[in-house]
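The values are calculated or read from the model by the stated rules, or taken from the named source; none is laboratory data. What you see is a predicted model, and the numbers here were worked out from it, not measured in a lab. Neighbour counts run over all protein chains shown; Cβ positions are idealised from the backbone, glycine included. Areas reflect the complete protein model, heavy atoms only, side chains present, ligands, DNA and RNA absent. Shrake-Rupley method; radii C 1.70, N 1.55, O 1.52, S 1.80 Å.
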Amino acid sequence: MIILDLKDETTDISRSDREIIAQLLKNDQVIVYPTDTLYGLGVDASSSQAVAHLYHLKGRKNMPVSVLLESVAQLFELAYDLSNKAQVLIRKCLPGALTVICKSQYPFAEQLVSDEGTIGFRVPGDAISCQIPALLGRPITTTSANPAGSPAATSLKQIRDYFVDDIGLMLDVGALQPSKGSTVVDLTTKPFTILREGEISRQTLHEFLN
């Protein structure tokens, strides 16, 4: 596993590191990167082979993971049939610790799309993670860095303990504080449905849930 120490580079990724990250993702390898909540596992979200490898690492089956985008503008490009209320919620809460379930016609790996044709979109509020999809030129996956059923990894040591040599690269910003993760809201239901309450509380979203 390649370790890129970003403890002193919390706002930008160097050009040389960008090239390494992009190449690994293009080769269907798994990377670990920090978000505004937890460390995430990322692969090319359009590659079924890469997503299959990711699912194998996590021991996860039949439950799609979300994708990470570089901007809110990209979310509006990839999602369709968003109500006015959904658009207001997105603009209010993103970038931030929110995952929104939407409809999309983008050619994502089939494992990432639900039976209803929906997918989870995430635009984190940190300075590093949203740079990564732009390096690849496509969205990447975002799911907590842990095998299914285990606590989310918050440090390099935990990543090594969990995955040994199965990770291609880690962007290490040091130990992260424990987090509930992002709040997941389904924007395709009426009213919207909270599927998981994370760092953004139900109370904060109250005006959108009726």
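Structural remarks
Okay, residues lined up against (1) closer than 21 Å to Phe163 by Cβ; (2) of a type in the set (Lys, Arg); (3) open to solvent by 10 Å² or more (accessible area, probe 1.4 Å):
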position	(1), (2), (3)
Asp28	yes, no, yes
Thr37	yes, no, yes
Ser47	yes, no, yes
Tyr55	yes, no, yes
Met63	yes, no, yes
Leu69	no, no, no
Leu82	no, no, yes
Lys85	no, yes, yes
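- Ala152 being on the phi < 0 side of the Ramachandran plot and assigned to a loop (DSSP other than H, G, I, E, B): yes
- Counted residues, the range 168-187 - those being crowded, with 20+ Cβ neighbours inside 10 Å, part of a loop (DSSP other than H, G, I, E, B) and either on the phi > 0 side of the Ramachandran plot or of a type in the set (Ser, Thr, Tyr) (or both): 1
- Any hit, the range 156-167, residues being assigned to a loop (DSSP other than H, G, I, E, B), surrounded by 20 or more Cβ atoms within 10 Å (Cβ to Cβ) and of a type outside the set (Ser, Thr, Tyr): yes
- Residues located in the range 1-14, provided they are assigned to a loop (DSSP other than H, G, I, E, B) and in contact (Cβ under 8 Å) with a residue 60 or more places away in the chain: Met1, Leu6, Lys7, Thr10, Thr11, Asp12, Ile13
- With respect to being of a type in the set (Gly, Ala, Ser) and open to solvent by less than 10 Å² (accessible area, probe 1.4 Å), Ala134 falls outside the description.
- For the range 15-102, the strands (runs of 3 or more DSSP E) that sit wholly inside it and include 1 or more residues that are within 16 Å of the chain's Cα centre (by Cα), hydroxyl-bearing (Ser, Thr, Tyr) and more than 24 Å from Lys157 (Cα to Cα) are 66-68.
- Yes/no for Ser129 being open to solvent by 30 Å² or more (accessible area, probe 1.4 Å), closer than 13 Å to Leu38 by Cβ and in contact (Cβ under 8 Å) with a residue 40 or more places away in the chain: no
- The number of residues in the range 170-207 that are touching a residue at least 24 places away in the same chain (Cβ under 8 Å) and among the acidic types (Asp, Glu) comes to 3.
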